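Take a look at the structure set out below.
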Amino acid sequence: MRMDGQEESSNVEDARGSGGGGGGGFRFGGGGIGIGTIVVALIAGWIFGINPLTLLGMFSGGGGQPVQMAPQAPAARPPAGDPEAKFVSQVLRSTEVVWTDVFREAGKTYQPPKLRLYTESERTGCGQGQAAMGPFYCPADGKVYLDTSFFQVMSKRLGAPGQFAQAYVIAHEVGHHVQNVLGISDKVDAARQRGSEAQANAMSVRLELQADCFAGVWAKRSQSEQGWRLEQGDIETALNAASQIGDDTLQRKSRGQVVPESFTHGTSAQRVGWFKRGFESGTPDQCNTFEARQL
């Protein structure tokens, strides 16, 4: 993809090298989640849309109250001349423009998220984030967290290279922010608390597929309205990224078998299909996964 001359967002915080880490990790069932305790391939299955509310059980109840953490270290704007930070900032700005327009058309006001760059470990409103877990959105503080070294993981370990695949990751996480702003995340979390584990997983799948669809909406509207260009093969790289992190694909690679009732993100075909649905329609009205009879 070519984003030459595109605006950059003012909502990027650069905490890389600030020492924002600490002990622990996201808490789950009284233990810490880290690369030493979970199969790397399974962690990779979560990295394109970790939702602390639905995957890590960090909140009790459906309110999504912030975890008590020490204050984050101060963060500055990314330095000029940093190509990765510039690209991330340009993509984030493009999401801000798209979702501001979408909300305005619906008579609403969009409040964009902050995107915080960090390395290795970072305090968040949802607990201690770790780079091994990949990019994620924290609804408690309204921020997207990204260690850009993950882009190398995408290319080398997941077979999903290319800038458009990277942009898809950011757009997916912003999709979770849109869900949070609209109150969708709270409703889903409340429903998950009332249901069985299988029902909770099914709701998580629908939440993740909607975020994939929202990423497709962003791609469609952004390139047509802001004038950046998709190059040959770009869409294929995003679809490949989506297919590489389908629950069925990752379970097959890590376990050798597929357990549908444990899915939390959807199959590869579902993720590709909902991204394409958003891209082809360009409207979030086509992203209501919660009323879809067939995913």
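The values are calculated or read from the model by the stated rules, or taken from the named source; none is laboratory data. For clarity, every value in this text was computed on a predicted model and none was experimentally measured. All Cβ positions, glycine included, derive from the backbone under ideal geometry; neighbour counts span all protein chains shown. What goes into the accessible areas is simple: the full protein's heavy atoms, side chains included, and nothing from ligands, DNA or RNA. Shrake-Rupley method; radii C 1.70, N 1.55, O 1.52, S 1.80 Å.
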Which residues' amide hydrogens lie under 5 Å from the amide hydrogen of Ser121, considering only partners 5 or more residues apart or on another chain, with H built in the peptide plane?
Ala131
Ordering 188-196, 93-101, 7-15, 203-211 by per-residue average of other C-beta atoms within 10 angstrom, highest first, gives 203-211, 93-101, 7-15, 188-196
For a quick check: with amide H placed at 1.01 Å from N, whose amide H comes under 5 Å from Asp147's, ignoring anything fewer than 5 positions away on the same chain?
Tyr118
Carbon and sulfur atoms account, in whole percent of the 1.4 Å probe accessible area of region 74-174, for 49
Lys114: which lysines have alpha carbons under 25 Å from its alpha carbon, excluding same-chain residues fewer than 8 sequence positions away?
Lys86, Lys143, Lys187, Lys220
What ³J(HN,Hα) values, in whole Hz, does the Karplus curve 6.51 cos²θ - 1.76 cosθ + 1.60 give for region 174-190 when θ = phi - 60°, with x put for Gly and Pro?
5, x, 5, 5, 4, 4, 5, 4, 7, x, 5, 4, 5, 5, 5, 5, 4
Need one number for region 162-229: average projected area of the convex hull over its C-alpha atoms, nm².
5.1
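For region 165-211, what is the accessible area per residue in Å² when the probe is 1.4 Å? Intermediate values should be presented prior to the final figure.
Working: 1510 Å² over 47 residues.
That works out to 32 Å² per residue.
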Please give the length that would be gained between Ala269 and Glu105 if that part of the chain were fully extended, namely 0.36 nm times their separation in residues minus their C-alpha to C-alpha distance (nm, one decimal).
55.9 nm
How large is ³J(HN,Hα), in whole Hz, for each residue of region 84-96 in order, when computed from phi with the Karplus curve 6.51 cos²θ - 1.76 cosθ + 1.60 and θ = phi - 60°, using x for Gly and Pro?
5, 5, 5, 4, 4, 5, 5, 5, 4, 4, 5, 5, 4
For region 213-229, Karplus-derived ³J(HN,Hα) couplings (6.51, -1.76, 1.60; θ = phi - 60°; whole Hz; x for glycine and proline) come out as 5, 4, 5, x, 4, 4, 4, 5, 6, 5, 5, 7, 8, 10, x, 7, 10
Sequence-distant residues sharing a close amide H with Val12 (under 5 Å, placed H):
Leu115
